[in-house]
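The structure under discussion appears below in the form of structure tokens.
The values are calculated or read from the model by the stated rules, or taken from the named source; none is laboratory data. From a predicted model like this one, the values you see are computed outputs, not experimental measurements. Note that each Cβ is placed from the backbone with ideal geometry, even for glycine, and that neighbours are counted across all protein chains shown.
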Amino acid sequence: MLGQTGYLMYPLLLREILEKLPVQMQMNWCMRATEFTNEPTLEDFSEWLSKLSLAACRMPAASKVIKSDAERNDKPKESLKA
């Protein structure tokens, strides 16, 4: 399977992946996709999604969520009493 690039050009697969996203993210991708002269590929989508995830990691709210999750995981679990 390695080295096969046909899947990167397969529009139905991209559509299936896109349908799994929230509507607002679908709209953001579709706005980005209008900038391409050719049909967007999975590689284009991957680059867009990578940039989106980097931007999300820079958001102040995201760092608070990550920190609170880490703090929650560090606390000892209370035993359940029957």
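At a glance:
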{"quantity": "Segment 10-24, residues that are in a helix (DSSP H, G or I) and surrounded by 10 or more Cβ atoms within 10 Å (Cβ to Cβ)", "calculated": "Pro11, Leu13, Leu14, Glu16, Ile17, Leu18"}
{"quantity": "Where a residue in segment 36-63 is within 16 Å of Gln26 (Cβ to Cβ) and its partner, wherever it lies, is of a type outside the set (A, V, I, L, M, F, W, C) and part of a loop (DSSP other than H, G, I, E, B), with Cβ under 9 Å and at least six apart", "calculated": "Leu42/Tyr10; Trp48/Pro40"}
{"quantity": "Extreme residue, modelled with the highest pLDDT, among residues of segment 38-63 that are in a loop (DSSP other than H, G, I, E, B) and more than 14 Å from Arg15 (Cβ to Cβ)", "calculated": "Asn38"}
{"quantity": "Residues that are modelled with pLDDT of 90 or more and among the polar types (S, T, N, Q), drawn from segment 2-37", "calculated": "Gln24, Gln26, Asn28, Thr34, Thr37"}
